[in-house]
Amino acid sequence: MPGNTIGRNFAVTTFGESHGPAVGCVVDGCPPAVALAEGDIQPDLDRRRPGASRFTSQRREADRVRILSGVFEGQTTGAPIALVIDNVDQRPREYDAIRDLFRPGHADFTYHKKYGVRDHRGGGRASARETAARVAAGAVARKYLAEQFGVRIRGCLTQLGAIRASVADWDEVDNNPFFCADPAQVPAMAQLLDELRKSGDSAGARLHLCASGAPAGWGEPVFDRVDAAIAAAMMSINAVKGVEVGAGFASVAQLGSVHRDELTVDGFATNNAGGVLGGITTGQDILVSIAFKPTSSIRIKGRTVDTAGNPADISVTGRHDPCVGIRAIPIAEAMLALVLTDHALRHRAQCG
């Protein structure tokens with residue numbers, strides 16, 4: 001199974017399944033002499049871990065990270081950094097009743113068609129559990145970006161179902177279980193999630209990301225544009241169905257005189273480009289929005305077929321998020337950090 005690695009100069013390969021012994025990753029290309037300890041990584045994993053509120057999956061995972069290699073006396077050595085996170089709350093028997101059924105909206109069908117075998121325990125490799133390893137690797141990247149360039153990466157939830165929120169106060173993001181920067185919308189979001197949990201249904205979400213402090217010049221033209229790499233990284237996250245950079249699809253309705261980011265002696269007048277022109281960073285904030293589909297594992301009965309092709313009904317029970325977007329902020333932040341670190345190192349390699 002190829003395709004488990006992201007990045008060139010800063011390359012991350014993840015491994016593990018939802019109900020296997022552990023998930024983890026190997027980070028290759030991290031520069032030496034970066035101060036790094038498990039305590040630098042754990043806070044991001046704590047933000048992502050399940051069971052943190054009643055609105056997320058009640059799977060109880062401590063998500064304690066262990067550094068197995070690549071760090072000596074508190075500093076990176078330049079060698080591959082191996083990170084592992086043990087799975088301690090696996091309940092594979094919860095999936096026995098549907099082991100021969102394809103879950104609508106999941107990768108069950110496509111994995112079966114491609115490989116002829118699939119891990120039915122929570123989705124196996126296709127499970128969002130794999131993203132814990134991405135968050136761990138992303139924490140390494142974030143630390144490097146912050147220390148070397150002063151880059152800060154933040155994210156917040158701007159829409160849950162039909163409820164829209166603004167980016168009113170970044171300081172509020174970690175003060176509520178929705179990672180929402182608009183505290184006025186939190187009660188309505190809580191009510192919607194409670195209703196969804198009772199009915200057995202789910203909702204989608206929209207997330208907004210901002211990377212500030214990245215200098216101008218990162219990225220490559222044509223196929224390796226930094227915005228193309230960001231889009232690919234975001235689309236690699238489970239359940240993501242849309243990515244926008246800057247004004248995104250809103251630019252369709254803008255006039256050219258409005259959309260263009262005019263230059264002044266003090267810099268750009270606007271940032272409809274989202275901090276990227278010609279695939280290269282402008283020095284402005286890098287702005288990205290992503291859309292998550294509603295969770296596919298729901299109790300409401302639906303139609304499917306079994307592995308023999310026979311029609312069947314399916315209802316998925318167990319511990320699932322009524323909205324996968326709620327816990328995705330640390331994941332999306334991590335993916336943005338991985339892309340920017342890779343391009344920072346690529347820029348250093350070519351341009352010094």
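The values are calculated or read from the model by the stated rules, or taken from the named source; none is laboratory data. As the structure is a prediction and not an experimental result, all values here were calculated from the model. Here the Cβ is made from the backbone with ideal geometry for all residues, glycine too, and neighbour counts use every protein chain on show.
Listed values, structure above:
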item: Test: residue in segment 198-205 that is farther than 27 Å from Asn9 by Cα and in contact with an Asp or Glu (Cβ under 9 Å, 6 or more places away or on another chain); result: yes
item: Checking Val258 against (1) more than 23 Å from the chain's Cα centre (by Cα); (2) part of a loop (DSSP other than H, G, I, E, B); (3) not hydroxyl-bearing (Ser, Thr, Tyr), the condition it does not meet; result: (2)
item: Residue within segment 144-156 that is over 19 Å from Leu345 (Cα atoms) and of a type in the set (D, E, K, R) present; result: yes
item: Unique match (being within 30 Å of Leu36 (Cβ to Cβ) and of a type in the set (Ser, Thr, Tyr)) among Tyr144, Tyr115; result: Tyr144
item: Which listed residue, of Thr131, Thr158, is closer than 27 Å to Val26 by Cβ and surrounded by 18 or more Cβ atoms within 10 Å (Cβ to Cβ); result: Thr131
item: Scope segment 134-154; condition touching a Phe, Trp or Tyr at 6+ places or on another chain (Cβ under 7 Å) and outside any helix (DSSP H, G or I); matching residues; result: Arg154
item: Selection from segment 24-49 of residues that are in a strand (DSSP E or B) and either crowded, with 24+ Cβ neighbours inside 10 Å or among the β-branched types (Val, Ile, Thr) (or both); result: Cys25, Val26, Val27
item: Residue selected from segment 299-337 under the condition farther than 18 Å from Arg129 by Cβ and of a type in the set (A, V, I, L, M), by the criterion surrounded by the fewest Cβ atoms within 10 Å (Cβ to Cβ); result: Ala308
item: Selection count, segment 311-329, where residues are of a type in the set (Gly, Ala, Ser) and under 20 Å from Asp108 (Cβ atoms); result: 3
item: Residues that are of a type in the set (Lys, Arg) and within 30 Å of Cys323 (Cβ to Cβ), drawn from segment 241-280; result: Lys241
item: Selection within segment 212-255 - charged (D, E, K, R) and in a strand (DSSP E or B); result: Lys241, Glu244
item: So Thr158, is it in a helix (DSSP H, G or I) and among the polar types (S, T, N, Q); result: no
item: Condition met for Gln191 (polar (S, T, N, Q), free of Cβ contacts under 8 Å to residues at least 12 places away in the same chain and farther than 13 Å from Leu207 by Cβ); result: yes
item: Given (1) under 23 Å from Pro294 (Cβ atoms); (2) buried (at least 23 other Cβ atoms within 10 Å of the Cβ), number of the condition Ala141 does not satisfy; result: (1)
item: Candidate set: segment 161-206, residues that are among the aliphatic types (A, V, I, L, M), part of a helix (DSSP H, G or I) and out of contact with any strand residue (DSSP E or B) (no Cβ under 7 Å at 6 or more places or on another chain); chosen: the one surrounded by the fewest Cβ atoms within 10 Å (Cβ to Cβ); result: Ala184
item: Arg299 vs. criteria more than 22 Å from the chain's Cα centre (by Cα), touching a residue at least 40 places away in the same chain (Cβ under 8 Å) and part of a loop (DSSP other than H, G, I, E, B); result: yes
item: Test: residue in segment 314-323 that is in a strand (DSSP E or B) and modelled with pLDDT under 95; result: yes
